[in-house]
1. Mind listing whichever residues of segment A:59-82 are out of contact with any helix residue (DSSP H, G or I) (no Cβ under 7 Å at 6 or more places or on another chain), crowded, with 22+ Cβ neighbours inside 10 Å and within 14 Å of chain B (Cβ to nearest Cβ)?
2. Pick out the one residue from A:105, A:172, A:146 that is more than 16 Å from the chain's Cα centre (by Cα), buried (at least 22 other Cβ atoms within 10 Å of the Cβ) and within 13 Å of chain B (Cβ to nearest Cβ).
3. So for segment B:6-22 (the condition being modelled with pLDDT under 95, at positive phi and within 11 Å of chain A (Cβ to nearest Cβ)), does at least one residue qualify?
4. Quick check on this structure: which one of B:63, B:44 is at pLDDT 95 or above, at the interface with another protein chain (Cβ under 9 Å from one of its Cβ atoms) and at negative phi?
5. Restricting to strands (runs of 3 or more DSSP E) lying wholly in segment A:30-122: which have 3 or more residues that are farther than 20 Å from residue A:12 by Cα?
6. Regarding residue B:72, is this residue touching a residue at least 12 places away in the same chain (Cβ under 8 Å), in a strand (DSSP E or B) and away from chain A (no Cβ under 12 Å)?
7. Of A:166, A:122, A:206, A:137, which residue is closer than 30 Å to residue B:11 by Cβ, more than 14 Å from chain B (Cβ to nearest Cβ) and more than 13 Å from the chain's Cα centre (by Cα)?
8. From the list B:2, B:35, which residue is in contact (Cβ under 8 Å) with a residue 60 or more places away in the chain, more than 13 Å from chain A (Cβ to nearest Cβ) and loosely packed, with under 12 Cβ neighbours inside 10 Å?
């Protein structure tokens with residue numbers, strides 16, 4: 001199982017994400033954003049949290065135009081796995097790989113705390129290690145996590161079972177309490193909370209472990 | 001050639017920053033401010049002969065996120 005983590009100028013959760021993949025049994029390589037092609041043998045690409053390009057223009061907007069991101073789009077079109085966490089989720093929505101947009105938190109504050117999440121679907125290789133409806137605790141750390149989609153799109157996401165997680169107590173004003181969504185082919189997950197920040201007892205919780213482990217196990221078994 | 005692009009949140013998209021500005025104006029004693037919408041102005045200095053089509057393309061691909069924002073182009 002080979003994982004790649006893209007590093008943009010301003011990424012700051014890249015190494016945490018690499019550790020989370022490694023602990024789950026993946027071989028990880030870091031990929032600088034100026035590379036034009038992803039290695040062809042990658043099973044999964046991680047887009048980490050942080051403040052790529054200083055959040056200039058809009059969070060994730062410049063990173064979405066980075067050369068490596070074009071290769072990421074092709075990877076997802078081929079059916080490759082990808083996960084975008086926090087700023088990575090913002091990048092994935094800016095590219096159009098995932099629907100919606102992330103706006104300034106409704107209370108205008110940077111929110112940094114553990115939050116409760118409800119697992120809304122387990123029909124996804126990232127989520128099969130959880131139980132449907134299970135409540136887990138994962139930290140958030142963002143200023144722009146207010147997920148925005150039209151009512152029409154929200155209905156579509158619900159119909160297609162593409163909401164991965166909802167907040168048990170919405171911290172940021174997200175439409176439909178949405179904390180994470182998956183792509184139509186269920187192989188791309190974007191989420192604002194940080195599962196890579198809860199994979200060790202010293203992190204204060206280990207609710208993120210199941211996500212990395214179930215994905216690695218699925219790919220290894222395939 | 002100078003071009004000005006105004007980027008605004010679409011009607012119906014809640015603008016938390018505009019709302020905060022409206023509150024602050026109220027706190028300063030300015031009455032009757034019913035609504036504030038906050039957006040961005042982007043000024044471009046482009047080569048003569050750049051077509052409106054090309055500027056539109058810039059807006060669609062980068063300057064605005066058309067999921068939540070509208071843009072207006074003005075050639076100055």
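The values are calculated or read from the model by the stated rules, or taken from the named source; none is laboratory data. Because the structure is a prediction, the values reported are computed rather than measured. No Cβ is skipped: glycine too gets one built from the backbone with ideal geometry, and neighbour counts run over all protein chains shown.
1. If the condition is that a residue be out of contact with any helix residue (DSSP H, G or I) (no Cβ under 7 Å at 6 or more places or on another chain), crowded, with 22+ Cβ neighbours inside 10 Å and within 14 Å of chain B (Cβ to nearest Cβ), then A:66 is the only one that fits.
2. Details: A:105 fails: buried (at least 22 other Cβ atoms within 10 Å of the Cβ); A:146 fails: more than 16 Å from the chain's Cα centre (by Cα).
Checking each option against the conditions leaves just A:172.
3. Yes - at least one qualifying residue is present in segment B:6-22.
4. Values: B:44 fails: at the interface with another protein chain (Cβ under 9 Å from one of its Cβ atoms).
One residue alone meets the criteria, B:63.
5. Working: elements: A:44-47, A:81-85, A:101-103, A:111-119.
Where strands (runs of 3 or more DSSP E) fall fully within segment A:30-122 and carry at least 3 residues being farther than 20 Å from residue A:12 by Cα, they are A:111-119.
6. On the way: touching a residue at least 12 places away in the same chain (Cβ under 8 Å): yes; in a strand (DSSP E or B): yes; away from chain A (no Cβ under 12 Å): yes.
Here the answer is yes, as residue B:72 does meet what is asked.
7. Numbers: A:122 fails: closer than 30 Å to residue B:11 by Cβ; A:206 fails: closer than 30 Å to residue B:11 by Cβ; A:137 fails: closer than 30 Å to residue B:11 by Cβ.
Only one candidate passes the filter, namely A:166.
8. Numbers: B:35 fails: in contact (Cβ under 8 Å) with a residue 60 or more places away in the chain.
That would be B:2, the only listed residue that is in contact (Cβ under 8 Å) with a residue 60 or more places away in the chain, more than 13 Å from chain A (Cβ to nearest Cβ) and loosely packed, with under 12 Cβ neighbours inside 10 Å.
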